[in-house]
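The values are calculated or read from the model by the stated rules, or taken from the named source; none is laboratory data. In this text the structure is predicted, and so the values were computed from the model without any measurement. Quick reminder, even Gly has a Cβ in these numbers, built from the backbone with ideal geometry, and neighbours come from all protein chains shown. Side chains included, ligands, DNA and RNA excluded: accessible areas come from the protein's heavy atoms. Shrake-Rupley method; radii C 1.70, N 1.55, O 1.52, S 1.80 Å.
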Amino acid sequence: MENPRPQAPGFTPSMAPLPLPLHPPIAPIPGAPPRAPASTPAAAESDDDDEVDYEVSDDHRAARERHERAVQELLQRRRAYAMAVPTNDSAVRARLRRLGEPITLFGEREMERRDRLRGLMVRLEADGQVDRLLRAQEDDQGAAGADEDDAEQIQYPFFTEGTKELLQARVDIAQYSLPRAKARVERAKRRLADPDEDPDAEADLVVKQAAEFVLECSEIGDDRPLTGCSFSRDASMLATSSWSGIIKVWSMPQITKIATLKGHTERATDVAFSPVDNVLATASADKTAKLWNSDGSLLMSFNGHLDRLARVAFHPSGKYLGTASFDKTWRLWDINTGTELLLQEGHSRSVYGVSFHPDGSLAASCGLDAHARVWDLRSGRLYCTLIGHVKPVLGVSFSPNGHLVATASEDNFCRIWDLRTRRMLYSIPAHKSLISHVKFEPQEGHYLATSSYDTRAALWSTRDYKPIKSLAGHESKVTSLDISGDGQQIVTVSHDRTIKMWSCRSSIRDNEMELD
């Protein structure tokens with residue numbers, strides 16, 4: 001091992017000089033400002049003399065508390081909507097039962113029950129009782145697994161199976177509608193190909209005659225406001241309904257009462273004559289519809305709706321009756337047996353009107369959800385939904401040409417829809433108040449009539465949708481109207497309790513010539 005070389009005392013070896021930095025030195029990072037020393041009571045007393053002590057007002061303190069509560073509520077609401085809450089009502093009830101809460105409260109609906117469960121889960125999470133939530137969720141998953149096992153054993157169909165009567169009715173409707181649709185299409189083709197036919201000139205003539213409608217006669221219909229009216233198939237009789245619940249049958253054109261129909265216990269809402277014979281159907285707020293003979297004898301009563309009825313309509317075959325109700329459904333009945341063939345849901349609010357296609361293949365319903373829906377009676381499927389109104393739809397009518405539909409609404413508009421494109425064709429700002437009823441001229445549909453709560457009825461051309469005639473004469477709301485089969489007579493009823501008959505001047509002159 002070598003010893004280190006001894007060095008002389010006091011001798012220091014020289015070192016090479018350090019190189020100068022090429023870049024300027026970086027400025028030092030500023031540190032945190034020094035904390036001020038805690039002030040002593042004596043210093044605080046001396047500071048009070050120099051500084052002003054501000055006090056928070058009660059209003060400011062209350063506003064700050066309201067803001068904090070609003071922020072907390074917003075956070076709780078966000079947390080609540082982020083939670084997974086069951087959507088099935090039975091699952092919601094089961095979760096409430098497992099959490100030890102009442103499964104339902106008085107007057108509580110499905111969405112309100114789900115919101116209550118959501119709020120309960122938020123409170124439990126805020127209180128730190130997460131274990132209760134986890135246990136309830138595990139119990140729900142176990143119950144769902146058991147339900148899945150049962151579902152694997154029992155396979156249910158994905159649709160609600162109808163009755164044999166409904167199946168037979170659909171077959172009968174198909175057999176009835178297909179020949180009529182074929183004849184209608186062939187007739188339209190023949191008229192288009194025939195050089196002697198001039199559809200435009202014919203439409204102009206009908207519109208010109210419609211402009212000559214005048215008030216022919218007026219009659220007091222009842223002691224209470226009138227709600228509905230309907231011509232018989234040959235326009236020899238007229239039926240009216242009123243708030244008194246009494247249905248009256250009148251002979252035309254003198255408007256002479258020939259029968260009074262009593263049987264409803266609440267106000268009558270609508271009346272309709274059969275298109276094939278002299279029987280009529282009535283709807284009432286007593287949740288029933290009734291079938292009558294024109295002489296006043298009751299033939300049948302249709303019971304089943306859960307709320308008051310609005311409008312009623314016959315199928316073109318005369319075998320079936322459609323009723324619209326405030327229970328959010330419309331129903332199809334067999335008038336020969338009184339059997340309820342179809343209970344059709346689909347509207348989110350009350351159903352107000354129902355109408356049938358001239359061929360009998362389609363049905364249209366309208367309601368307070370501002371929508372009208374077209375249904376295929378042969379298959380039961382929804383053909384289309386007519387969306388465009390902003391307020392409840394109170395009337396719907398099919399055109400005789402087969403491809404146009406008119407709807408009347410509380411938004412004062414009458415809208416025309418094309419079934420071929422399933423879109424709105426035209427929108428008519430028809431009245432100054434809600435439109436209570438709409439109907440096409442039954443021959444060729446060259447014009448349509450609307451009634452309104454502005455005390456008027458109006459006629460509109462279906463070529464350019466321009467106004468033809470305003471039928472002014474009522475002193476109160478016009479609730480309904482009907483057009484005779486030949487299109488020469490229009491009847492309106494109103495809250496002023498009167499029946500008014502409007503006739504074309506040309507038809508009046510023809511009648512006078514026949515009398516001469």
For this session: Kindly indicate whether Gly245 is of a type outside the set (D, E, K, R), touching a His at 6+ places or on another chain (Cβ under 6 Å) and either closer than 20 Å to Ser436 by Cα or part of a strand (DSSP E or B) (or both).
Result: yes
Exercise. Taking Arg311, is it modelled with pLDDT of 95 or more and either open to solvent by 40 Å² or more (accessible area, probe 1.4 Å) or basic (Lys, Arg) (or both)?
Worked result: yes
Exercise. Conditions: (1) open to solvent by less than 10 Å² (accessible area, probe 1.4 Å); (2) closer than 17 Å to Ser232 by Cα; (3) of a type outside the set (Phe, Trp, Tyr); (4) assigned to a strand (DSSP E or B). Gly318 meets all but one. Number of the miss?
Worked result: (4)
For this session: Scan the stretch 188-213 residue by residue and report those that are outside any helix (DSSP H, G or I) and out of contact with any Leu (no Cβ under 9 Å at 6 or more places or on another chain).
Result: Asp194, Pro195, Asp196, Glu197, Asp198, Glu212
Exercise. Taking the condition open to solvent by 20 Å² or more (accessible area, probe 1.4 Å) and in a strand (DSSP E or B), does Arg415 pass?
Worked result: yes
Seminar exercise, completed: Reported set for the stretch 464-479 where residues are in a loop (DSSP other than H, G, I, E, B), over 29 Å from the mean Cα position of the chain (by Cα) and farther than 20 Å from Glu410 by Cβ is Gly473, Glu475
Exercise. Of all residues in the stretch 430-443, how many are over 23 Å from His495 (Cβ atoms) and open to solvent by 40 Å² or more (accessible area, probe 1.4 Å)?
Worked result: 2
For this session: Might you check whether a residue that is in a loop (DSSP other than H, G, I, E, B), within 24 Å of Leu306 (Cβ to Cβ) and polar (S, T, N, Q) occurs anywhere in the stretch 333-344?
Result: yes
Exercise. Can you name the residue in the stretch 282-298 that is surrounded by 19 or more Cβ atoms within 10 Å (Cβ to Cβ) and among the polar types (S, T, N, Q) and, of all such residues, is farthest from Glu266 (Cα to Cα)?
Worked result: Ser294
Exercise. Is it fair to say Thr265 is outside any strand (DSSP E or B) and more than 28 Å from the chain's Cα centre (by Cα)?
Worked result: yes
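Taking Leu448, is it crowded, with 19+ Cβ neighbours inside 10 Å, of a type outside the set (Gly, Ala, Ser) and in contact (Cβ under 8 Å) with a residue 60 or more places away in the chain? Give the derivation first.
Numbers: crowded, with 19+ Cβ neighbours inside 10 Å: yes; of a type outside the set (Gly, Ala, Ser): yes; in contact (Cβ under 8 Å) with a residue 60 or more places away in the chain: no.
The answer is no for Leu448.
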Problem set entry | Sole exception among (1) at negative phi; (2) open to solvent by 50 Å² or more (accessible area, probe 1.4 Å) for Ala239, by number | (2)
